[in-house]
Each structure stands twice: as C-alpha cells, then as structure tokens.
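As structure tokens, the structure follows; a few thoughts come after it.
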Amino acid sequence: MLRIEDVHVRRGGTHALRGISMTVNAGEIVALIGANGAGKTTTLATISGLLRPESGTLSYARCAEAAPIDIGRMRAEQIVQAGISHCPEGRQVFAALSVTENLRIGAYLRHDRAAIDADIADLQTQFPILRTRANVPGDRLSGGEQMMLVIGRALISRPKLLLLDEPSLGLAPQLVEQIFDILERLRREGMTILLVEQNAAMALDIADRAYVLEAGKIVLEGTGKDLAGNADVQRAYLGAA
Amino acid sequence: MGSAYILSQIVNGVILGSMYALIAIGFTMIYGIVRLINFAHGDIFTMGAFTTLASLALIGLPFPVALVVVVLTGALFGVVIERIAFRPMRGAPQVTGFIASLAVAIILENLLVMTISAQPRVFLVPEYLNRLVSTGVITIRVIDLAIVALAIVLMIALVFFVHFTKVGIAMRATAENYDVARLMGINIDRMIMLAFAIGSGLAAVSGLMWGSKYGQISPFMGLLPGLKAFVAAVIGGVGSIPGAVVGGYVLGLSEVLFVGLLPPEYSGYRNAFVFGALIVVLLVMPNGLLGRNTETRA
C-alpha cells in the first residue's frame, strides 16, 4: 500500500531522515518505534505531505487494483484526498471548534452530506462522549476524550491508511488500553495503520510488523513478536536490564 | 441638553460604530488567520470610497449596483495585495509583514494622490438617500438608516458564514493551526485569500458609507478610521469577530458621546480619548473584551 524508498528529509538545517525505506501492506498495523528525535514524527509528516522529501520516493496505492502514485511531491490536501489520514502528535483538536465541528472538518473533502451525517452519528454511537459533549469547544475534553475525537476526525475522511503519532502520550494506562483496543478493531475492519509510539511494548504487541528508527535511519525491522524478543530492542526500548 | 439631542448623538454613535465595526472585522480576520497587523487595511477603505465615487459620478451606476461593485473591487484589492505583498513574507517575523503593510499603505495613498490629486472630493449620494426621515423625536437621513441596516445585515451574514458553513469552519480551523488544517485537506492559501477578500470587501463598503455620510473623501481619509478600527479590534479582542463588532460600536458610541456630551472645549481631545481608552482597556483586560488568551501561540 505504501512503499518508501531511500527517503532523505532535512528539517531546518538538520538531516532528520537519512535514507529510510519501509513498506506498509494493506490491512497491517506497522509500528515505528525509536527514541525522541529519531525521526518518527518527521517520517509521518513526510508521508502526509507536511514536509517535502529532499530525495527518495514515496509511492502509495489506495487499493490493490489502483496504480501506485508518487505522493512525495503532492500537497497535503491531495494526499488526504488520496486516502491517507494523519493524527498528529499531541492530538491537536481545534480548540475554537466544537466537538461536532471538529468531526465535520475531518470530512472537509467529502461532499456526500447525508453520508457524512450518518458517519458522524455512527462515531457518536461508538464514542458516546462525542454526542454528549457535541457542542463543547474541542479543548474542553479530557486527554482521553480528545484522543477519541481526533481518531474520529481522522476516520471521517474515510481513509485507507491511518497515520497515528503517539496516541498513548499523556494518557492513563486504562485509556491507553482503550485506544489500542480501538486500533485492533479498526484492523479487523480492514484499516491499515502506521503507528508511531514511545510505548514500544504495547506497539510491538499489537503490530504485525515494526521498524526501529535511530538517528534518522532504520536500524532494525521484523515482525512485532521478533522485535519484542530482540535483545537490543529489549535493552533500548523495553526497559529490560 | 434634551433627550432628543442625546438620542441623536446615540444614533450618530451607532452609525460611526457600524463603520468602525466593518473595518475592524477585516483587521481581526486577517490578524486571526495570518497574524498580520495590516496597516494597508485603512487604504482599502479609502479605495472603496473612491471606487464608489467613480462608479456613481463617472460611470453613472445606480447606487445599489455601485455597492456591489465596491464589495467586489475591495475584495479583489485585498486578494491582489495579499498575493503580491504578504504571501512572500509568510513565515517571516511578524514585524516584516507589518512593515510590508506600511509600504502597501504608502504606495496606495501616493497612487491616489498622483492619479487623482490630494484634494478632497465632494461625494454626492442620490437624492433619495438624502431624504429626511422623522421618527417624531429625531430626524435622520435615509442613508443613515441604510448604513446601520446594511452593516447589521453584513455582520449577520458573516457570522452565519463563519459558524454554519463548511468553508467558514475551515477558515477558523486554518486560523488556529495551519498544519493540522492541511491534514484535514484544507488548502490554507485559499482560506487566507478568502479572509483577505471578505475583510477587504467589508472595509471597502465602510468607505462607501463614510463618503455617503460625510460627503467628502480624500486619499488620506483612511488613516484615522483605519487606526481607530484597529483600536476597536484590539478593544474587542483581536482575532475575535464578535469582539471587533462590539469594539467598533463601543468605540463609535463613546467617541461621539465624548464629543457631544462634554463641553465643546474638550472636543479637540476626541482622538486622545480614543487612544487613551485603548490603553485603559488593555491594562484591565489584556486580551480585549471578548478575546481568547492566545499568548502561547503568538
């Protein structure tokens, strides 16, 4: 679905990505783990078009039958249209918009008004908080509620590929469980997910495959289970002695 | 000082406030979306007045048609200025855009002086707008009523647009965070252009109103109303459209009442009063009357 080859990105003078290559196949959850500053967020921002790669290719096909397109030179809004939705780090709900407006703005590129309303109603059933607090400004929700809102806001564009940046950040453990349950359910429903996480243990547990990023390079890759058993990964990211 | 006198002063304050509010809305929309204090905004107001004069006197358009022409040309001025002068500065420090806007203001003023001369021009509205309406207590002109009614209609339309249309919501989202707005599929260049178009169209209408009300226009007429509308936007809370409206009316009313109710020897202090009021409001309420705290985002 997504194939990244030898991508270099410079970000304000620093060489943030130094030739990374990775693939995400349809229906997978792929985890990208690594320390702070390793380039995880930069990778997602490059895929979603917020940053331009200096070199390398990013090709994406929304389904198996579709011809792959080069998204490396596309504008962010064209990439959303192509079916990639990015939940940025730190949740980033629109504080000046109500909860429902936050959801509606997620459907900005859709024009099927009735279906949008149905999708919003559907999300409100899955996450009742989005209904009970529909008219409250986005930033009045708690951290966990905001996370539900941004996942809903990303889903309402009906993406094929979901990019999630640190969904567990700053959330209580049972909320993190809840978020990961949602990701499992999305995978069962056929969603493809690229997940960036600090919480490597949980990310590797849920991921089909995973990549380890260090100083702008991919240093390890494998199935989630393999990496969770890898001694280096255990030492560096899983807190083993 | 009878009640009719006070009432007519209040009416004058509401008229002046309507015009300030329309200019202030543009200030606040443009600041809200690009964090630019647009010093050229008062000159869009001037351009609006001259466009009206040209449409009425030179081309002989009916007044309502001239109104539409003024809105559209004002919007066009705004969009062109944004494209040429401000877009290349995006991402630069705030002061750079501020200086660019000063340059635009000086260029526009001098263009008018060179092409039309600095002499004030007489600005005549059709006779039917000058007719007097008597309500029993006070007598006002049709144009005065029209100014207030039109301003209110435009403001209601704007609030509806910003809150209940998809593009309006997208504009608020863009004002809050460019990157996240782009992740929603919003073309932020287009939203910024739209904010300039709407804000400038409203300022141009205000110029039309000013000429109609006071009967005289000049290339530098935009300077003080522009500054005062900026004060109104700040008093209301810069970035907030309802704040700009409230600020505009508060300023217009208090300015007229200050001049009208105090002994005549104080009327020379009218501008000092306005800017003094700004300082007091900012000391007491640093975010303005209706502003959100945006300290962390500046």
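Table for the structure above
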read-out	value
Which listed residue, of B:SER8, B:SER101, B:SER55, B:SER3, is crowded, with 21+ Cβ neighbours inside 10 Å and touching a residue at least 40 places away in the same chain (Cβ under 8 Å)	B:SER101
Matching entry among A:LEU161, A:LEU194 (being within 26 Å of A:VAL80 (Cα to Cα), in contact with a Phe, Trp or Tyr (Cβ under 9 Å, 6 or more places away or on another chain) and in contact (Cβ under 8 Å) with a residue 40 or more places away in the chain)	A:LEU161
Matching residues, the stretch A:99-114, being open to solvent by less than 20 Å² (accessible area, probe 1.4 Å) and more than 8 Å from every other protein chain (Cβ to nearest Cβ)	A:VAL99, A:ASN102, A:LEU103, A:ALA107
Residue check, B:LEU76 in a helix (DSSP H, G or I), at pLDDT 95 or above and open to solvent by 40 Å² or more (accessible area, probe 1.4 Å)	yes
Residue check for A:ALA66: at pLDDT 95 or above, open to solvent by 20 Å² or more (accessible area, probe 1.4 Å) and more than 11 Å from chain B (Cβ to nearest Cβ)	no
The stretch A:208-220, residues that are open to solvent by 10 Å² or more (accessible area, probe 1.4 Å), closer than 20 Å to A:THR46 by Cβ and in contact (Cβ under 8 Å) with a residue 60 or more places away in the chain	A:ARG209, A:GLU214, A:ALA215, A:LYS217, A:ILE218
Some residue of the stretch B:49-57 being within 28 Å of B:SER240 (Cβ to Cβ) and either assigned to a helix (DSSP H, G or I) or modelled with pLDDT of 95 or more (or both)	yes
Residue that is nearest to the other protein chains (Cβ to nearest Cβ) [pool: residues in the stretch B:144-178 that are among the β-branched types (Val, Ile, Thr) and either buried (at least 20 other Cβ atoms within 10 Å of the Cβ) or closer than 30 Å to A:ILE47 by Cα (or both)]	B:ILE169
All helices (runs of 4 or more DSSP H) inside the stretch B:223-298 with 3 or more residues being within 14 Å of chain A (Cβ to nearest Cβ) and in contact with a helix residue (DSSP H, G or I) (Cβ under 9 Å, 6 or more places away or on another chain)	B:241-261
Hits in the stretch B:179-190 - residues which are surrounded by fewer than 21 Cβ atoms within 10 Å (Cβ to Cβ) and either touching a residue at least 60 places away in the same chain (Cβ under 8 Å) or part of a helix (DSSP H, G or I) (or both)	B:ASP179, B:ASP189, B:ARG190
Members of the stretch A:135-145 that are within 14 Å of another protein chain (Cβ to nearest Cβ) and open to solvent by less than 30 Å² (accessible area, probe 1.4 Å)	A:GLY138
Members of the stretch A:1-32 found to be surrounded by 22 or more Cβ atoms within 10 Å (Cβ to Cβ) and either assigned to a strand (DSSP E or B) or among the hydroxyl-bearing types (Ser, Thr, Tyr) (or both), listed by number	A:LEU2, A:ILE4, A:VAL7, A:VAL9, A:ALA16, A:LEU17, A:ILE20, A:VAL24, A:ILE29, A:VAL30, A:ALA31, A:LEU32
Matching option when the condition is closer than 19 Å to A:THR41 by Cα, more than 14 Å from chain B (Cβ to nearest Cβ) and out of contact with any Lys or Arg (no Cβ under 6 Å at 6 or more places or on another chain), among A:LEU130, A:LEU195, A:LEU175	A:LEU195
Selection status of A:ASP119, of a type in the set (Asp, Glu) and either within 19 Å of A:VAL196 (Cα to Cα) or more than 14 Å from chain B (Cβ to nearest Cβ) (or both)	yes
Of the criteria (1) under 23 Å from A:MET147 (Cα atoms); (2) open to solvent by less than 10 Å² (accessible area, probe 1.4 Å); (3) in contact with a Leu (Cβ under 9 Å, 6 or more places away or on another chain); (4) hydrophobic (A, V, I, L, M, F, W, C), which one A:PHE94 fails	(3)
Among the candidates B:LEU132, B:LEU145, residue that is in contact with a strand residue (DSSP E or B) (Cβ under 6 Å, 6 or more places away or on another chain) and of a type in the set (A, V, I, L, M, F, W, C)	B:LEU132
Residue check for A:ASP117: of a type in the set (Asp, Glu), without any contact (Cβ under 8 Å) to a residue 12 or more places away in the chain and open to solvent by 40 Å² or more (accessible area, probe 1.4 Å)	yes
The stretch A:120-150, residues that are of a type in the set (D, E, K, R) and either over 17 Å from A:LEU171 (Cα atoms) or without any contact (Cβ under 8 Å) to a residue 40 or more places away in the chain (or both)	A:ASP122, A:ARG131, A:ARG133, A:ARG140, A:GLU145
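The values are calculated or read from the model by the stated rules, or taken from the named source; none is laboratory data. Computed from a prediction, not measured in an experiment: that's the story for all the values here. Every residue, glycine as well, gets a Cβ built from its backbone with ideal geometry; the counts of neighbours run over all protein chains shown. Note: accessible area is taken over every heavy atom of the protein model, side chains too, but ligands, DNA and RNA are not part of it. Shrake-Rupley method; radii C 1.70, N 1.55, O 1.52, S 1.80 Å.
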